[in-house]
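To keep things clear, I will list the structure first and then write my remarks on it.
Please treat every number below as a calculation from the coordinates, not as lab data. Keep in mind that this is a model prediction, so the values were computed, not measured. All Cβ positions, even for glycine, are placed from backbone atoms using ideal geometry, and neighbour counts span all protein chains on display.
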């Protein structure tokens, strides 16, 4: 007999909550990071060495900020997808039944 497929809707909902919470927590951490970096002002200085350092530092800060922001959205999207998957699974039985008048 082939392996059977089973779904535990409660575990999907727990997974959804964990991903959603991780998204919220990472978003809060990103906000704190942005605030801390902003409070530092221009950390590169206005001399030749500062400009050289800033030319490498600032683009990398922007890339990291964007990557973390994408991760926040991705984690939230995974949480939402688990919710949708659960609702679709739970509604599947009733939707697949033949209705007669």
Exercise. When the stretch 30-55 is examined, which residues are found to be within 28 Å of residue 73 (Cβ to Cβ) and either in contact with a strand residue (DSSP E or B) (Cβ under 6 Å, 6 or more places away or on another chain) or surrounded by fewer than 12 Cβ atoms within 10 Å (Cβ to Cβ) (or both)?
Worked result: 31, 32, 35, 36, 38, 39, 40
For this session: Sort out which residues of the stretch 65-101 are more than 30 Å from residue 13 (Cβ to Cβ) and surrounded by fewer than 13 Cβ atoms within 10 Å (Cβ to Cβ), and write them in order of number.
Result: 66, 100, 101
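Here is a check on your reading of the model: is residue 14 out of contact with any strand residue (DSSP E or B) (no Cβ under 6 Å at 6 or more places or on another chain), under 25 Å from residue 91 (Cα atoms) and either in contact (Cβ under 8 Å) with a residue 60 or more places away in the chain or surrounded by 11 or more Cβ atoms within 10 Å (Cβ to Cβ) (or both)?
Values: out of contact with any strand residue (DSSP E or B) (no Cβ under 6 Å at 6 or more places or on another chain): yes; under 25 Å from residue 91 (Cα atoms): yes; either in contact (Cβ under 8 Å) with a residue 60 or more places away in the chain or surrounded by 11 or more Cβ atoms within 10 Å (Cβ to Cβ) (or both): yes.
Here the answer is yes, as residue 14 does meet what is asked.
Identify all residues within the stretch 1-17 that are in contact with a helix residue (DSSP H, G or I) (Cβ under 8 Å, 6 or more places away or on another chain) and either in a helix (DSSP H, G or I) or within 12 Å of residue 78 (Cβ to Cβ) (or both); write none if there are none. Break it down into steps so the answer makes sense when it comes.
Taking the stretch 1-17 and keeping what is in contact with a helix residue (DSSP H, G or I) (Cβ under 8 Å, 6 or more places away or on another chain), we get 7, 9, 12-13, 15-17.
Residues satisfying the conditions are 9, 12, 13, 15, 16, 17.
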